[in-house]
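Report on the following structure.
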Amino acid sequence: EEAEPEAPAGASALRPGQELFAEDPWIVEQRRLQSEQRRLNKEFADSLETLDPEARAAIQGYAPGTYVRVVLTQVPCELPKHFEPRFPLLLGGLQAGEERLGLVSMRVKKHRWHKKVLKSADPLTLSIGWRRFQSLPLYYVQDPNLRLRHIKYTPEHMHCMAVFHGPATPPSTGVLAFQADARRTFRIS
């Protein structure tokens, strides 16, 4: 009986030519399902090729880079008067869930260049997605016993949590906060 030589530390446990998870039945089944879904997607895309562009857009939507005509109604009279065709007009919208207001909780850390710590209930101008608004965040930390403890100031070099009243925001959305001072300037907080 001959023992296999031991591989050096950090080397792969796979034999030459062996595929990772090749024998795992769950992985084999997932690969089969993926190839089946790819085949169905290709058949569906091929069936859309025979449709006219309007019917295809109704089913699939417009492809990126396609020119579309947008008709705007009830716009301020200043828009056509001061419209400059050389500069693009950006159109954006909110999804249905983003129109509600409520309590938003987020993880924050004071920017290292901001001179002072942030105080609870001091006004901050928040930029979240398309929205710009002012709110009064309250800061808190979670104790090891899972209790949420209010703190008066943000910690110097660590994260804490903040809760404020504002528009509903999807998870992992980036937030930029500004704090205005008496000199009518602002600094990223």
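The values are calculated or read from the model by the stated rules, or taken from the named source; none is laboratory data. What you see is a predicted model; the values in this text were computed from it and never measured. No Cβ is skipped: glycine too gets one built from the backbone with ideal geometry, and neighbour counts run over all protein chains shown. For the accessible areas, the whole protein counts, side chains as well, though only heavy atoms, and no ligand, DNA or RNA atoms are used. Shrake-Rupley method; radii C 1.70, N 1.55, O 1.52, S 1.80 Å.
Worth pointing out:
- Members of the stretch 37-85 found to be surrounded by fewer than 10 Cβ atoms within 10 Å (Cβ to Cβ) and of a type in the set (Lys, Arg), listed by number: 69, 81
- The stretch 122-134 - residue that is modelled with pLDDT of 85 or more and open to solvent by 50 Å² or more (accessible area, probe 1.4 Å) and, of those, nearest to residue 68 (Cα to Cα): 131
- Residue ranges of strands (runs of 3 or more DSSP E) in the stretch 51-156 with at least 1 members touching a His at 6+ places or on another chain (Cβ under 7 Å) and touching a residue at least 60 places away in the same chain (Cβ under 8 Å): 101-108
- Across the stretch 41-65, the number of residues qualifying as among the acidic types (Asp, Glu) and in contact with a helix residue (DSSP H, G or I) (Cβ under 9 Å, 6 or more places away or on another chain) comes to 1.
- Subset tally (residues that are exposed (fewer than 10 other Cβ atoms within 10 Å of the Cβ) and modelled with pLDDT under 90) for the stretch 101-121: 3
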